[in-house]
1. Which of Arg43, Arg35, Arg15 moves the most in a Gaussian network model of the chain with Cα springs under 10 Å?
2. Using a 1.4 angstrom probe on heavy atoms only, work out the carbon and sulfur share of the accessible area of the chain in %.
3. Along Cα→Cβ, 7 Å out, is where each label goes; now give me the distance between the ones at Glu36 and Leu18 in nm to one decimal.
4. Along the Cα→Cβ direction, 7 angstrom out, place labels at Arg60 and Phe10. What is the inter-label distance in nm?
5. Within the chain, how many Lys pairs that are eight or more residues apart, or on different chains, come under 12 Å at the alpha-carbon?
Amino acid sequence: MAGLKDKRGFIDKDRLDLSERQAVEYWMKRWGVTREQITAAHRKAGRMVKDIAAELGKKR
């Protein structure tokens, strides 16, 4: 499975699991948003990164 490599392993590039701190921090930095904004978008759009990005008005 292709993913984004971090210090401990791979981050799934298609799905966002809010319990994985490294993944959430990666997307926070990449999109320039807060954890609360990601959480709200995750609740509304689901766990697919493309859907969360669209909800936030960001490019994947």
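1. Arg43
2. The computed percentage sits at 49.
3. 1.4
4. The two pseudo-label positions are separated by 1.6 nm.
5. Number of lysine pairs found: 4.
The values are calculated or read from the model by the stated rules, or taken from the named source; none is laboratory data. Remember, it's a predicted structure, so these values are computed and weren't measured experimentally. Note that we place each Cβ from the backbone using ideal geometry, even for glycine, and neighbour counts take in every protein chain shown. Please note that ligands, DNA and RNA were not included when accessible areas were found on the heavy atoms of the full protein model with its side chains. Shrake-Rupley method; radii C 1.70, N 1.55, O 1.52, S 1.80 Å.
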